[in-house]
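> Quick one: this structure, given as structure tokens, is what I'll be asking you about.
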Amino acid sequence: MFILYVLYSTYLLFFGFYRSYGLSEGYYPVNLIPLTTIWEYAMHITDYPVYVWFNNLIGNILLFVPLGALLPLLVRSCRGWVRMMLISFLMTMFIEVMQYMLQVGTLDVDDMLLNVCGGMIGYGCYKIVRMLLISLSRVGPQQSPPLP
């Protein structure tokens, strides 16, 4: 499942949606000021089609939720908050720089913030499910009452 997630994410990040944006004009914007893009969409949400702000805000979060949920299942050393945050940050930094260098997207620090949030949401989901499974395994199977 993790391999499918990586393949699909790679497609979305480097080939899907509007990845030829700016290609004909040779213009590739860079945003290094935190919250600029997020604030722009929040303040002018009606000025953009739904798919644009949804992909940029919600999509950037959702894209990294599986990373935070699946990686700790596969790699035991990724089971800490700090380590998962660092991995999410390094992965998203690599993606942003590659998108810019390959000229298939913009380099935006807000994408990085949203991706890390998604990774941490996924990790939180992993921790909750893990705690529930551990507590259920301690309780054991429920015994049914004897029949009259």
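> Test of understanding: what is the full-extension gain from residue 58 to residue 130, defined as 0.36 nm times their sequence separation minus their Cα-Cα distance? Working shown, then result.
Details: separation 72, 0.36 × 72 = 25.92 nm, distance 2.53 nm.
Computed gain between residue 58 and residue 130 is 23.4 nm.
> Which FRET efficiency, nearest 0.05, do residue 12 and residue 139 yield, Cβ-Cβ r, R0 41 Å? List each step's numbers first, then the result.
On the way: r = 40 Å, r/R0 = 0.99.
Rounded to the nearest 0.05, the efficiency is 0.50.
> Treating the angle as unsigned and between 0 and 90°, give the value, to the nearest 10°, between the Cα long axis of helix 81-101 and the longest Cα principal axis of the chain.
30 degrees
> Still on this model: Of the candidates 48, 123, 28, which one comes out as most mobile in a Gaussian network treatment of the chain with C-alpha springs shorter than 10 Å?
48
> For the stretch 40-123, calculate the relative contact order in percent as a whole number, restricting contacts to Cα pairs under 8 Å that are 6 or more residues apart. Show your work: numbers first, answer last.
Details: 88 pairs, mean separation 37.2, N = 84.
Value for the stretch 40-123: 44 percent.
> For the chain, state what percent of all Cα-Cα pairs lands in each successive 10 Å bin, counting from 0 Å until the bin that includes the largest distance.
It works out to 11, 34, 29, 14, 7, 4, 2, 0, 0, in whole percents.
> Would you calculate, for the chain, the mean residue ellipticity at 222 nm contributed by helices, counting each DSSP H stretch of 4 or more residues as -39,500 (n - 2.57) and dividing by all residues, to the nearest 500? Numbers along the way, then the final one.
Working: 6 runs with 93 residues, N = 148.
Only helices count here, giving -20500 deg cm²/dmol.
> Based on alpha-carbon positions alone, could you give the equivalent ellipsoid semi-axes of the stretch 81-125 from the gyration tensor, as √(5λ), descending, whole Å?
Square roots of five times the eigenvalues give 22, 9, 7 Å.
All of the numbers you see were taken from the coordinates with simple rules; none came from a lab. In this text the structure is predicted, and so the values were computed from the model without any measurement. Cβ: placed from backbone, ideal geometry, glycine included. Neighbour counts: every protein chain shown.
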